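Below you'll find the structure, written out as structure tokens, and then a few comments.
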Amino acid sequence: MSTTTRDTGAAPPELAQIAARFVAARRRGEVLAEFPGTIPCDLETAYWVQDLAIAQWPDRLVGWKVGYIAPERRDGSGDDRLLGPMFARALWHATGDILPVPVFAGGFAAIEAEYVLQLAVDAPAGKLDWTPEEAAALPATLWLGVEIASSPLATINALGPCAVVSDFGNHNGLVLGPQIRDWQRLDEASLRAETWIDGVHVGSGGAGRLPGGLRAAYAFALTRSARRGRPLKAGELIATGNATGIHEIRVGQRARVRFLGLADIECEARPALPSPADGEQGA
């Protein structure tokens with residue numbers, strides 16, 4: 001995993017254009033017929049695009065989603081996962097009711113069961129490499145959650161990790177559920193989840209489905225963020241990866257994720273609306 005801190009002010013025009021077109025499509029609630037330019041050749045370049053887009057997005061960064069990269073799709077960086085930013089106005093708290101969530105109609109849209117870590121302290125700014133054991137020693141709380149994975153580009157996942165990273169990691173929101181107390185003492189195999197869409201069972205799994213478990217995802221987020229010049233801070237969230245699969249959803253469909261013995265989270269896909277001037281995204 002290499003170290004690169006990108007200067008967004010010195011970005012090549014073609015990278016700036018990719019970021020600007022994704023941001024514009026997201027803010028307008030529009031879809032893109034194709035990737036807006038040449039897909040970055042590696043993850044380092046894709047993160048440069050992502051940094052450019054983050055700088056343009058009119059909202060506060062509150063955390064990161066982690067996505068797994070299949071072995072055949074990895075590049076020379078050695079990364080087995082990727083990151084995408086999460087923003088304050090696309091963070092919702094589960095209330096027990098069916099929550100409307102925005103997806104790009106005609107783009108890509110899916111929901112994912114998530115176990116979400118929240119840092120209790122700042123990560124040491126100078127530490128660039130983290131093992132799962134070291135990550136486990138950095139205090140964090142654990143929450144249940146559902147990620148809204150959605151992009152204006154319908155083919156984004158098929159185009160590979162560099163395309164996904166370029167568009168906010170294919171992330172469009174997070175529903176945060178109850179906290180799991182004393183998670184460090186639990187056997188991760190006991191954290192089980194199941195997902196339904198419109199009453200049809202579409203996936204089973206849990207924290208044990210994540211390669212290396214919760215701590216491996218945590219370590220990756222800490223390492224990659226530090227190497228990007230964005231060491232994680234107290235309060236930031238980390239959605240650790242899909243726990244029952246990536247389940248595509250259409251506008252009007254309802255999803256229910258049952259975290260066995262803990263809680264259910266239910267949501268309904270609504271079309272993403274044009275954002276108002278302050279950048280708030282409608283649902």
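Between ALA70 and ASP129, the modelled label-to-label distance comes to 3.0 nm, taking each label 7 Å out from Cα in the direction of the beta carbon.
Between GLN179 and GLU14, full extension at 0.36 nm per residue minus the direct alpha carbon distance yields a gain of 55.2 nm. Computed with a 1.4 Å probe on the full set of protein chains, the accessible area for HIS93 sits at about 110 Å². Shown are LYS127, LYS65, whose ranking by accessible area with a 1.4 Å probe and every protein chain present, most to least, is LYS127, LYS65.
Could you rank the peptides 69-77, 226-234 by their average count of other C-beta atoms within 10 Å per residue, with the highest value first? Walk me through the numbers on the way to the answer.
Working: 69-77: 12.4, 226-234: 17.6.
Ranking, from highest mean packing down: 226-234, 69-77.
Given the protein chains as shown and a 1.4 Å probe, how many square angstrom of ARG224 are accessible, to the nearest 10? Accessible surface of ARG224 is approximately 0 Å².
Efficiency by 1/(1 + (r/R0)^6): what FRET value for ASP198 and LEU273, r their Cβ-Cβ distance, R0 = 30 Å, to the nearest 0.05? Efficiency, rounded to the nearest 0.05: 0.85. Electrostatic bookkeeping for PRO211 treats Lys and Arg as +1 and Asp and Glu as -1; over the other residues with beta carbon under 13 Å from its beta carbon, the sum is +1. Net charge in the neighbourhood of GLY169 (other residues with Cβ under 14 Å of its Cβ; Lys, Arg +1, Asp, Glu -1) is 0. For the range 188-280, compute Rg over Rh where Rg is the Cα radius of gyration and Rh is the Kirkwood radius from the inverse mean 1/r over Cα pairs. Ratio of gyration radius to Kirkwood radius: 1.05. If you take every residue apart from GLU266 with its C-beta less than 9 Å away from the C-beta of GLU266, what net charge results, scoring Lys and Arg +1 and Asp and Glu -1? Residues close to GLU266 contribute a combined charge of -1.
Determine the calculated [θ] at 222 nm for the chain from helices alone, applying -39500 (n - 2.57) to every DSSP H run no shorter than 4 residues and normalising by the residue count; nearest 500 deg cm²/dmol. Display every interim value, and only then the final one.
Values: 6 runs with 60 residues, N = 283.
Mean residue ellipticity at 222 nm (helix-derived): -6000 deg cm²/dmol.
Only the Cβ atoms of Lys and Arg (+1) and of Asp and Glu (-1) were treated as charged; on that basis the dipole of the chain about its Cα centre amounts to roughly 220 debye. With a Cα-only, solvent-free Debye model of the chain, what are the log10 I(q)/I(0) values at q = 0.10, 0.14 Å⁻¹? For the chain, the Cα-only Debye profile gives -0.47, -0.97.
Using the charge dipole of the chain (Lys, Arg: +1 at Cβ; Asp, Glu: -1 at Cβ; taken about the Cα centre), state which of ASN157, ALA221, PRO274 has its Cα farthest towards the positive end. Farthest towards the positive end: PRO274.
The values are calculated or read from the model by the stated rules, or taken from the named source; none is laboratory data. Here the structure is a predicted model, which means the values were calculated and not measured. Here Cβ is always computed from backbone atoms with ideal geometry, including for glycine, and neighbour counts include all displayed protein chains. To get the accessible areas, we keep the full protein, side chains included, count just its heavy atoms, and leave off ligands, DNA and RNA. Shrake-Rupley method; radii C 1.70, N 1.55, O 1.52, S 1.80 Å.
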